[in-house]
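Asks: Have a look at this one before I ask anything.
No lab work stands behind these numbers, since they all come straight from the coordinates. Keep in mind that what you see is a predicted model, and the values were worked out from it rather than measured. A quick note on method: Cβ atoms are made from the backbone with ideal geometry, for glycine too, and the neighbour counts reach across all protein chains shown.
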Amino acid sequence: MHITRPVLALLLVTTGGLLAAQSPAPPQPAETPSVPASTSTLPPAAPAAVSASGLAGWIVVLDPGHGGDDRGVQAGELVEAQLTLDIAKRTAAALSAHGARVVLTRESDITMDADARAVRANQTHGHAYLSLHFNRSPRTAATGAEIYTHQPASMDDAEPPDAQARTLALVRWDRVQDRHAPAAEHLADLLATALGHRVPVSATPHRRLPLRPLAGVDAPSVLLELAYLSHPGQAALAATPEFQTAVSEAIVEALSAARRPPDAAR
Amino acid sequence: MKHRGILVAVVGVLIGTLLAGAGVRWWMARARRPAPVTTAPHVDGGAPIPHVAVTLFDPAPDSDDLAPVQQEIPKVTDRSDHARLVVEAALERAVLPAVGLWPVGSLLRTCFLTPGGDVIIDLTGLPPQGLGGGTTAERLAVQALVSAVRTNIPGATSVRFLVDGQPATALGAHVDLRGPLAADRDTLHPGGR
């Protein structure tokens, strides 16, 4: 029997939906991140109070953006597709050291479309999905990390629940992220705080958009734009091991906070 | 010698008469010229084309938002034609190197307004990798067109993108174009809200 990719994806989503109940706790107000004075240097690192086993039992999917034919943003010799892969590998090591099981959607410079990334994430039943990117703006003065969560383009065509007419709920592929919105918002706030302690962040660190890489992922998902490669100072910073380590530490801290029950987080 | 003086005087009178005539013609043409703000020059000797001011969007100079700019486009009565002219003007502006929102070579293949209020924008000439990465650049590029539709086309409720006649899922790796897009008010500079 020939099973098309959308049908396979739907089956995976339906199965993966059983894990939705395991989504992290409802959002808690996060403190406002402090914006470092300089956009091209790192602030003094804040000590991260994260236990070595703080992420035990958690599955984290890291998605290095772009790859293969899609180079992403290019700034001189810097290529976004390679930078995201470098940071993903560094972050995977840090997360593993804290007990998490980490899955990378790609481990080499290959082309992957958004649906293939979501399928990979949903196969692993991850507890969190982080899509790693570097930013670009027509305004070269733009700086700072930004965290994006998925916002459905329009709710007008959402199918109303009709329990009497159906015995099996169908979840549309491009709607599956919607049910994780509260947990994704919470994770984004935690990441904004953790990144704000370590690297330059944008004046508007958390934005919402209909995002292609996140829409089909059945786990709380965020897209991280870690720095603006269109800004010369930020591009130089992004290539340094210090920046990449700071980012990986911030991700460990934020995911550990998201993993903790609400009572323990207070 | 006497004849030469007469000849010079005649030539002088002739030149003066020609210059005076040209001046009168220029003054009369200027008096008949329509106001430049609302009409365009004659085309092919036909009637002047009336124009209308529309609001388009450039990157804001001091934030990662869009800022409104005024531009004139030909005034037409058909709503679908108006939609096409608005989007055409918005895209032509967006590819200008000074604006830099869309890659040079991006063109409008067609654009129309459905009875239900959807504006269908069909693009062509895009590079293979779309807009070239960066959520901010992609967000501003898409919203520059979506906001132009929202601001200038009464009755338009949403925007759908096609590329070379095929439904577009994204113009890069970020913004999801599969559903109808509403204008993102957060992207508009305060002056444009």
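Asks: Per-residue mean of other chain beta-carbon atoms within 10 angstrom of the beta-carbon, peptide B:124-137? Don't skip to the answer; put the middle values down first.
Replies: Values: counts 0, 0, 0, 0, 2, 5, 1, 1, 7, 16, 14, 15, 13, 9.
Counting Cβ atoms of other protein chains within 10 Å of each residue's Cβ and averaging gives 6.
Asks: How do A:R212, A:R120 line up, fewest other C-beta atoms within 10 Å first? If you can, show how the numbers build up before the last one.
Replies: Values: A:R212 27, A:R120 19.
Result, fewest neighbours first: A:R120, A:R212.
Asks: Rank the residues A:T39, B:T77 as a footprinting-exposure proxy: fewest other Cβ atoms within 10 Å of their Cβ go first.
Replies: In order of increasing Cβ crowding within 10 Å: B:T77, A:T39.
Asks: Neighbouring Cβ atoms within 10 Å as the yardstick, rank B:E72, A:E242, B:E138, A:E77 fewest first.
Replies: Numbers: B:E72 16, A:E242 13, B:E138 26, A:E77 8.
With the fewest neighbours first, B:E72, A:E242, B:E138, A:E77 line up as A:E77, A:E242, B:E72, B:E138.
Asks: Something else now. Hey, can you rank B:149-161, B:50-62 by average C-beta count inside 10 Å, highest first?
Replies: On the way: B:149-161: 19.3, B:50-62: 17.4.
Averaged packing, sorted descending, gives the order B:149-161, B:50-62.
Asks: Kindly work out what percent of the DSSP beta bridges joining two residues of segment B:51-192 are antiparallel, to the nearest 5.
Replies: Numbers: 18 of 25 bridges.
If we restrict to bridges inside segment B:51-192, about 70 percent are antiparallel.
Asks: Would you kindly work out the equivalent ellipsoid of segment B:51-192 from its C-alpha gyration tensor and give its semi-axes, the square roots of five times the eigenvalues, largest first in whole Å? Write down the numbers at each step before the final one.
Replies: Values: eigenvalues 81, 66, 41 Å².
That gives 20, 18, 14 Å for the three semi-axes.
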